[in-house]
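Report on the following structure.
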Amino acid sequence: MDLRVRALRTVLEQKGYIDPAALDVLIDTYETKIGPRNGARVVARAWVDAVFRSWLLQDGTAAIASLGYGGRQGEQIVALENTPSVHNLVVCTLCSCYPWPVLGLPPTWYKSSAYRARAVKDPRGVLADFGVTLPEATEIRIWDSTAEVRYLVIPRRPAHSENMAEEQLVSLVTRDSMIGTGLARAPDDMR
Amino acid sequence: MSYRSRADLGGQDIRDRVVPEPEGKLFHAPWERQALALTLAMGATGAWNLDTSRSARETLPDYGSLSYYAIWIRGLERLLIEHGLVGPDEIAAGQMLRPARPGLEVLHAIDVPVTLARGAPTQRPATVPARFAVGERVRTRSAAVDHHTRLPAYARGKVGRIDQVRGVHVFADAHAQGLGERPQWLYTVVFSARELWGGDAPQRQSVSIDAWEPYLEPLA
């Protein structure tokens, strides 16, 4: 593939269809600027600020834009709140739709045949692959991103995090917890 | 039927484990970075739309055996050829053999941040009222269609409930075929796991899809 991609890039450069400097900016953007730490800041804000939380659940796109995130592959974002009784899990069975402005580029497993095939039918089996077991009574709601709405899961705030400041809480929010294949880290795990 | 998507995987009998991955690991080879950047840069030229590119990828005959960024590159090559921007001989030669097609809007480095921030919103003003309301029960279209669609096979001919009305959006089925935007009302429709997978499925489990109005009919 390496040679094939290089050849294609050469042709596109010679034709003047691409600006090589733009490629570098695109790569740098998704390697260093747009990633799951953005989403983690959204979640931490929702945990500490009840007004922001209700705005986020009411109009995810606007609330998230107020923190400076939005745009490509996140033109319309809906936040889904996990509660003691409902656990949300996001998938795109048809391709790899994912909320880029808040989570960055999707991990390989999110794009894999196994995840896309199994998440809608056997979510508890998929969660087990991530080491997550939910109580039998918890309802599981799977969101298949089949159009241009993008979904961000707001994981439950972990126990014993009451005294932590917003900045510290950000580090408890994992990427997987914002897709629904994980839970937020317990404060103890941080030591 | 001549159109066949190989990307419609929901509910298929695939038993492989899902393999978690650490947060920082975005690319597994240097060419994957290039595949991402080339795809985004060419997408920004406006030579085709996102639905056309999804259609080009999902109909690759060897979709199932390619890695994800390989699918992107193969899809990109295909779009470039189909739109007359690059010849297959040029891709094979790895160099330009004919002059470029003029008039393309090239994405320049300085414009990348604003282009990404703008994105490509698909919501459009409503010109007709929504046919369905939250809480209403609907049945999804059961027939397969001979073109790109975003109604997954597992959700065809199923009874669900309107969970949210998401506004009017560019209709992917038409847009992918080059028929224009033809915006339609979009709904989040929720199905019980039992409706989708049968009586053995857990009771407290449901799946929703986002479905354009033409996918849905009222339940008589």
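The values are calculated or read from the model by the stated rules, or taken from the named source; none is laboratory data. None of the values given here were measured: they were computed from a predicted structure. Because the Cβ atoms are built from the backbone with ideal geometry, glycine has one as well, and the counts that use them run over all protein chains shown. Keep in mind that these areas ignore ligands, DNA and RNA; they rest on the heavy atoms of the full protein, side chains included. Shrake-Rupley method; radii C 1.70, N 1.55, O 1.52, S 1.80 Å.
Quick notes
- Checked against the criterion of being within 29 Å of B:Arg4 (Cα to Cα) and away from every other protein chain (no Cβ under 14 Å), the stretch B:121-138 has at least one qualifying residue.
- Selection from the stretch B:109-155 of residues that are assigned to a loop (DSSP other than H, G, I, E, B) and either within 30 Å of A:Ile27 (Cβ to Cβ) or in contact with a Cys (Cβ under 9 Å, 6 or more places away or on another chain) (or both): B:Gly119, B:Ala120, B:Pro121, B:Thr122, B:His148, B:Arg150
- Residue within the stretch A:2-9 that is outside any loop (DSSP other than H, G, I, E, B), facing chain B (nearest Cβ under 7 Å), over 25 Å from B:Ala172 (Cα atoms) and modelled with pLDDT under 95 present: yes
- Failed item, numbered, when A:Met178 is tested on (1) open to solvent by less than 50 Å² (accessible area, probe 1.4 Å); (2) in a helix (DSSP H, G or I); (3) without any contact (Cβ under 8 Å) to a residue 40 or more places away in the chain: (3)
- Taking the criterion of being open to solvent by 70 Å² or more (accessible area, probe 1.4 Å) and closer than 30 Å to A:Thr146 by Cβ, the residues of the stretch B:101-119 that qualify are B:Glu105, B:Pro113, B:Val114, B:Arg118.
- Flag for B:Gly199 being more than 12 Å from chain A (Cβ to nearest Cβ), open to solvent by 10 Å² or more (accessible area, probe 1.4 Å) and at pLDDT below 95: yes
- Residues of the stretch A:161-185 classified as more than 16 Å from A:Leu103 (Cβ to Cβ) and either modelled with pLDDT under 95 or β-branched (Val, Ile, Thr) (or both), total: 2
- In the stretch B:120-145, the residues that are open to solvent by 80 Å² or more (accessible area, probe 1.4 Å) and charged (D, E, K, R): B:Arg131, B:Arg137, B:Arg139
- Residues satisfying the stated conditions in the stretch B:160-195, i.e. outside any loop (DSSP other than H, G, I, E, B) and in contact with a helix residue (DSSP H, G or I) (Cβ under 6 Å, 6 or more places away or on another chain): B:Ala172, B:His175, B:Ala176, B:Gln184, B:Trp185
- Condition broken by A:Leu67, with the remaining ones in (1) in contact with a Lys or Arg (Cβ under 9 Å, 6 or more places away or on another chain); (2) farther than 26 Å from B:Gln164 by Cα; (3) free of Cβ contacts under 8 Å to residues at least 40 places away in the same chain satisfied: (2)
- Looking only at the stretch B:124-157, and only at residues there that are touching a Lys or Arg at 6+ places or on another chain (Cβ under 8 Å) and among the polar types (S, T, N, Q), the one that is farthest from A:Val120 (Cα to Cα): B:Ser142
- Comparison of B:Ile81, B:Ile71 shows that the only residue that is at negative phi and open to solvent by less than 20 Å² (accessible area, probe 1.4 Å) is B:Ile71.
- Leading residue by the ranking (nearest to A:Val42 (Cα to Cα)) among those in the stretch A:154-168 that are part of a loop (DSSP other than H, G, I, E, B) and under 19 Å from the mean Cα position of the chain (by Cα): A:Pro155
- Wholly within the stretch A:94-142, helices (runs of 4 or more DSSP H) carrying at least 2 residues that are at the interface with chain B (Cβ under 7 Å from one of its Cβ atoms): A:108-111, A:113-118, A:123-129
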